[in-house]
1. Using a Cα-Cα cut-off of under 16 Å, which lysines could be cross-linked to residue 128, ignoring same-chain neighbours fewer than 8 residues away?
2. With loop defined by DSSP as not H, G, I, E or B, and exposure as at most 12 other Cβ atoms within 10 Å, which is the longest segment of the chain clear of exposed GluC sites (Glu not before Pro)?
3. At q = 0.11 Å⁻¹, what base-10 log of I(q)/I(0) does the Debye formula yield for the chain when every alpha carbon is treated as an equal point scatterer in vacuo?
4. If r is the Cβ-Cβ distance from residue 11 to residue 169 and R0 is 35 Å, what FRET efficiency results, to the nearest 0.05?
5. Identify all lysines with a Cα-Cα distance to residue 176 below 25 Å; exclude those on the same chain that are fewer than 8 residues away in sequence.
6. Which value results when the Cα radius of gyration for the stretch 34-119 is divided by 2.2 N^0.38 Å?
7. Rounded to the nearest percent, how much of the accessible area of the stretch 41-196 (1.4 Å probe, protein heavy atoms only) is carbon and sulfur?
Amino acid sequence: MRLYLVDDHPVVRAGLAALIDGEPDMELVGEADNAAAALQGARAARPEVVLMDLQLGDGPDGVAATEALLALPDPPRVLVLTTYETDADIHRAVAAGATGYLLKACPPEELFAAVRAAARGESALSPKVAARVMNQVRTGRPALTARESEIVGLLAEGLGNKQIAQRLYVTEATVKTHLVHIFAKLGVDNRTAAVAAAVRQGVFRR
């Protein structure tokens with residue numbers, strides 16, 4: 001199967017390339033360190049599976065890159081391979097259409113099993129990620145959206161509603177609406193508790 005790597009760390013790409021080279025049924029057909037290069041390279045190389053990091057430097061992130069790749073006429077499967085495991089990150093990746101979500105700490109055999117599953121169109125989650133998803137199902141609380149997670153981050157910086165509205169180019173009424181949803185999802189009733197709960201539940205990285 002044809003694989004493509006998207007990661008902004010050359011050492012990580014080199015390590016993954018060496019691992020892939022040892023798999024007789026896999027071929028590395030290209031790599032990129034940003035979303036734009038990934039889209040251009042995938043168009044030309046036509047991989048079956050793309051291994052996608054979430055953080056790609058200063059440009060669009062791995063979620064945006066995933067959405068762009070899946071909009072291609074003959075899209076590849078996208079398997080997220082990252083160090084981040086918050087509920088918000090997982091939710092964003094899956095909502096964007098990623099076939100699977102793995103952590104970079106996983107053993108090679110787990111990675112390659114997930115790649116083969118992704119190539120077959122099957123979902124693949126690392127055990128830790130699967131546990132987070134199951135916990136979310138058990139608690140019955142929906143994950144924060146990307147914008148809600150962003151607002152929690154601004155709350156953690158100590159910004160008020162007006163400042164948040166200015167930072168995000170929205171109205172204060174919109175910020176207040178988001179806060180109502182955030183409080184409900186996190187089961188809290190104030191800003192300080194929202195930040196604490198988000199950190200505790202792993203839906204926000206400080």
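1. 104
2. Details: sites that count: 122, 157.
Value returned for the longest uninterrupted segment is 1-121.
3. Taking Cα atoms of the chain as identical point scatterers yields -0.56.
4. Values: r = 37 Å, r/R0 = 1.06.
Efficiency at R0 = 35 Å is approximately 0.40.
5. Counting by Cα, and skipping residues close in sequence, residue 176 has these lysines nearby: 162, 185.
6. On the way: Rg = 12.0 Å, N = 86, 2.2 N^0.38 = 12.0 Å.
Cα Rg divided by the expected 2.2 N^0.38 Å: 1.01.
7. Values: 4060 of 7570 Å².
With neighbouring chains kept in place, the figure for the stretch 41-196 is 54 percent.
The values are calculated or read from the model by the stated rules, or taken from the named source; none is laboratory data. Not measured: the values here are computed from a predicted model. With ideal geometry, Cβ positions are generated from the backbone for all residues, glycine too; neighbour counts draw on all protein chains shown. Accessible surface areas use protein heavy atoms only, side chains included; no ligands, DNA or RNA. Shrake-Rupley method; radii C 1.70, N 1.55, O 1.52, S 1.80 Å.
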